Amino acid sequence: MERRDLIMAAGTLAAAAATVAATAPAAAQAGNATAGGNALVEISPPDPDAFIAGRFTGKTFIVTGSARGMGAAAAIRLAREGANVVGVDWIKDLGEATTAGIVKQGGKSVFIHGDIAEAATADAAVAAAVSNYGRLDGAINNAGVMDGVFSGEPIDYEKQKPLVFAPIHEATEEYWSNVFRTNALGTFLMMRAQLRQMVAQLKGGAIVNVGSIAGMTGLSGNPAYVASKHALNGLTRNAAIDYAPYGIRVNSVNMAATDTPMIARAGALVAASRKTSTGPTMGSIKTQSILAWTDPNHRPATVAEQVSMMLFLLSPEAANFTGGIYPTDGGWTDY
């Protein structure tokens, strides 16, 4: 399956940390592609290497899911903008590679290998921030999963099927529990450790949680992902209220299909599941955002587009932004 086909196949299931995609048959996607592509003026994505020099000089941030995709890009750009970065991921080699790359370019970063759904990992990340850099100014809680399989494993659909997304009547408890363990429990544990330190410091700060359109709408075929991302957005709203007196802002970003490894994985899983699927699906009812539909190439969002919003929300320019569940989704939730 070609890369474009994987992204398109991932169009109807909401992936996400995000990252999110919805998944549908290629034929349905092709039909939508024929109908769209009507832009008179294309919207070009930003330069993936763009950054604002010195914006976060002296600040320290934790970035979960730093091994690849949006987490890696966020960690790299934060370091380029002067921040000290504590990367966290359960994929050890790729997480170490992100940190090594930052250091090689002259940035400051350390890596914590671990599962965010274990309190010890969250505590270790905060401890690393304080011991190495003296403080913690915020976080991007990006780590998340769309299915219940360890994301570092190669796809083996027949073996992994009990842990892969499915409609409620076909879904297993293990799939549900694993997705919630990472997306809801893991985010809670990371936020708890981060907020304990930030409250003790009394220096304010900002947290950005990476949600999904699945946390703002219903989407076909992945009940645990949808429910867990709604939970993440609930945590975001709750924390915004409780920590405003401490000068701590908390927001979430919620994307539609974004060009990440998670999307490619989703597309491959959907392609495999179609071979054994017997029932009807609502996956093709909506497969593209406004901007993806109208774009001549029907492109998904880029990682750089998502990261730019995350870093804006961390920055002093977003001083009046808290409790926001921002749809960084190309207009998906608008229409």
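State all residues of region 212-240 that are of a type in the set (A, V, I, L, M), surrounded by fewer than 20 Cβ atoms within 10 Å (Cβ to Cβ) and either within 27 Å of THR278 (Cα to Cα) or modelled with pLDDT under 95 (or both); if no residue qualifies, say none.
ALA227
Give me the pairs: first residue in region 85-101 and modelled with pLDDT of 95 or more and β-branched (Val, Ile, Thr), second residue surrounded by fewer than 22 Cβ atoms within 10 Å (Cβ to Cβ) and assigned to a strand (DSSP E or B), beta-carbon distance under 6 Å, and six or more apart or on different chains, which are they?
VAL86/VAL110
Six or more apart or on different chains, Cβ atoms under 7 Å: show the pairs whose first residue is in region 202-218 and more than 20 Å from GLY186 (Cα to Cα) and whose second is not aliphatic (A, V, I, L, M).
If the second residue must be not aliphatic (A, V, I, L, M), the pairs left are LEU202/TYR246; LYS203/ARG135; GLY204/TYR246; GLY204/GLY247; GLY205/ASP137; GLY205/GLY138; THR217/THR333.
If a residue must be surrounded by fewer than 24 Cβ atoms within 10 Å (Cβ to Cβ) and over 16 Å from TYR133 (Cα atoms), how many such residues does region 91-110 contain?
10
For region 122-159, how many residues are outside any loop (DSSP other than H, G, I, E, B) and under 22 Å from THR236 (Cβ atoms)? Step through it out loud before you land on a result.
Of the residues in region 122-159, the ones outside any loop (DSSP other than H, G, I, E, B) are 122-133, 138-141, 157-159.
Still in the running and under 22 Å from THR236 (Cβ atoms): 122-123, 125-126, 129, 138-141.
Matching residues across region 122-159 total 9.
What pairs come out if I take residues in region 220-236 that are on the phi > 0 side of the Ramachandran plot and pair them with residues that are among the β-branched types (Val, Ile, Thr) and outside any helix (DSSP H, G or I) whose C-beta lies under 9 Å away, six or more apart or interchain?
GLY221/THR23; GLY221/THR281
Which of (1) in a strand (DSSP E or B); (2) over 18 Å from ALA304 (Cα atoms); (3) of a type outside the set (S, T, N, Q) does VAL63 not meet, given it meets every other one?
Only one criterion in (1) in a strand (DSSP E or B); (2) over 18 Å from ALA304 (Cα atoms); (3) of a type outside the set (S, T, N, Q) is unmet by VAL63, namely (2).
Of the conditions (1) part of a loop (DSSP other than H, G, I, E, B); (2) of a type in the set (Ser, Thr, Tyr); (3) surrounded by fewer than 20 Cβ atoms within 10 Å (Cβ to Cβ), THR287 fails just one. Which one is it?
Failing condition for THR287: (3).
If we keep just the residues of region 241-258 that are at pLDDT 95 or above, of a type in the set (A, V, I, L, M) and touching a Phe, Trp or Tyr at 6+ places or on another chain (Cβ under 8 Å), which is farthest from GLY211 (Cα to Cα)? Quick ask: steps written out before the conclusion?
We begin by selecting, within region 241-258, every residue at pLDDT 95 or above; these are 241-255.
In the following step, the residues that additionally are of a type in the set (A, V, I, L, M) were identified as 241, 244, 248, 250, 253, 255.
Of the ones still in play, those that are also touching a Phe, Trp or Tyr at 6+ places or on another chain (Cβ under 8 Å) are 250, 253.
Numbers: VAL250: 12, VAL253: 6 Å.
Only one residue tops the list, namely VAL250.
GLY204 is checked against (1) crowded, with 19+ Cβ neighbours inside 10 Å; (2) on the phi > 0 side of the Ramachandran plot; (3) modelled with pLDDT of 95 or more and fails just one. What number does that condition carry?
Among (1) crowded, with 19+ Cβ neighbours inside 10 Å; (2) on the phi > 0 side of the Ramachandran plot; (3) modelled with pLDDT of 95 or more, the lone unmet condition for GLY204 is (1).
Scan region 295-335 for residues that are over 15 Å from ASN233 (Cβ atoms) and among the polar types (S, T, N, Q) and jot them down.
Selection gives ASN297, THR302, GLN306, SER308, SER315, ASN320.
List every residue pair whose Cβ atoms lie under 6 Å apart, where the two residues are 6 or more positions apart in sequence or sit on different chains, the first residue falls within region 43-64 and is surrounded by fewer than 19 Cβ atoms within 10 Å (Cβ to Cβ), and the second residue, located anywhere, is of a type in the set (A, V, I, L, M, F, W, C).
So the pair list comes out as PRO46/ALA304; PRO48/ALA304.
Which condition number in (1) under 16 Å from THR64 (Cα atoms); (2) buried (at least 24 other Cβ atoms within 10 Å of the Cβ); (3) not aromatic (Phe, Trp, Tyr) is the one that LEU185 fails?
All conditions are met except number (2).
Output the number of the condition that VAL303 fails; it satisfies all remaining conditions of (1) at pLDDT 95 or above; (2) closer than 27 Å to GLU153 by Cβ; (3) out of contact with any Gly (no Cβ under 8 Å at 6 or more places or on another chain).
Of the numbered conditions (1) at pLDDT 95 or above; (2) closer than 27 Å to GLU153 by Cβ; (3) out of contact with any Gly (no Cβ under 8 Å at 6 or more places or on another chain), the odd one out for VAL303 is (3).
Given the criteria crowded, with 16+ Cβ neighbours inside 10 Å and charged (D, E, K, R), does GLU317 qualify? Before you say what the answer is, go through the steps one by one.
Values: crowded, with 16+ Cβ neighbours inside 10 Å: no; charged (D, E, K, R): yes.
The answer is no for GLU317.
The values are calculated or read from the model by the stated rules, or taken from the named source; none is laboratory data. Please read all numbers here as calculations on a predicted model, not as lab measurements. Every residue, glycine as well, gets a Cβ built from its backbone with ideal geometry; the counts of neighbours run over all protein chains shown.
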